[in-house]
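Every number in this text was worked out from the coordinates using simple rules, so none of it is lab data. In this text the structure is predicted, and so the values were computed from the model without any measurement. Heads up, the Cβs are rebuilt from the backbone with ideal geometry, glycines too, and the neighbour counts pull from every protein chain shown.
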Amino acid sequence: MLQIESGYTYSYNNDGGGQSIGHSYPESLFRFGILADWLEMRVATNYAQQRNRGVQVSGAEDLYLGFKIGLTPQEGILPEMAFVPQMTVPTGKASLTAGEVLPGYNWLYGWDINDSISTAGSTQLNRTLDGQTRKSYTEFAQSWTIGYSLADKLGAYTEWFALFPSSADTEKPQHYFDGGFTYQFTNDIQWDIRGGVGLNEAADDYFVGSGLTIRFW
């Protein structure tokens with residue numbers, strides 16, 4: 001099985017020293033089923049345009065590679081879980097690439113509460129670069145999502161997520177709240193729309209976006 005997820009995101013921030021505007025597309029994530037229903041390969045590519053205080057940078061970002069490993073199904077209070085070892089490799093444009101491999105992991109877990117509500121979390125630890133000094137540091141990321149089934153093909157979700165830098169030169173913790181809607185045209189095609197706001201000064205003011213998922217058998 002192959003699933004392709006793509007989208008576009010617009011972000012805006014004004015920290016008092018100037019405006020920062022970002023465009024992100026096509027946000028392509030290719031998910032290849034490899035073994036039964038417990039192992040998939042993940043490859044992601046993206047193109048970014050960033051304008052920060054009048055200075056614009058655009059180009060391809062570093063390639064993302066990962067494997068999603070199914071661990072457990074949901075059983076009672078025990079969640080469905082998966083583990084994703086992941087990394088980015090330095091394939092992007094010179095002004096956007098990290099210039100080195102940045103490894104990390106993502107631990108995923110979730111519960112179906114009933115036929116209408118589900119909840120899930122993501123805990124990540126990744127190596128990344130400081131936006132100003134370009135020195136590497138470790139970033140902890142946490143999210144929590146609640147999903148809602150509104151109709152047969154219509155869904156919605158709300159989410160909190162945060163980024164916590166450790167030993168970064170200038171980066172500060174960022175907290176966000178976002179939400180969106182999903183619509184399934186068929187069992188293999190889904191469209192979504194989303195928007196979110198920053199909850200503290202270090203976060204972007206807001207972002208909006210849309211995406212499309214297509215699954216091939």
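Here, the range 36-129 is characterised by an Rg to Rh ratio of 1.12, where Rg is the alpha-carbon radius of gyration and Rh the Kirkwood radius.
In loop segments of the range 70-167 as defined by DSSP, the GluC sites (Glu not before Pro) with at most 15 further C-beta atoms inside 10 Å of their C-beta are Glu100. Expressed per residue, the C-alpha convex hull volume of the range 84-213 stands at 133 Å³.
When you restrict to C-alpha pairs under 8 Å that are six or more residues apart and normalise by the size of the range 2-216, the relative contact order lands at 16 percent. Note on Lys172: lysines with a C-alpha under 24 Å away, same-chain residues under 8 apart excluded, are Lys135. Distance between the 7 Å Cα→Cβ label points at Thr170 and Asn200: 1.9 nm.
Once the chain from Thr133 to Asn52 is taken as fully extended at 0.36 nm per residue, the excess over their C-alpha distance is 27.6 nm.
With the simple model of a label 7 Å out from the Cα in the direction of the Cβ, Asp152 to Asn114 spans 2.2 nm. Only Cα sites of the chain enter the Debye sum here, all with the same form factor; the resulting log10 I(q)/I(0) across q = 0.07, 0.08, 0.10, 0.13 1/Å is -0.23, -0.31, -0.49, -0.86, listed in q order.
Taking packing as the residue-averaged number of other Cβ atoms within 10 angstrom, the listed peptides 164-173, 41-50 run from highest to lowest as 41-50, 164-173.
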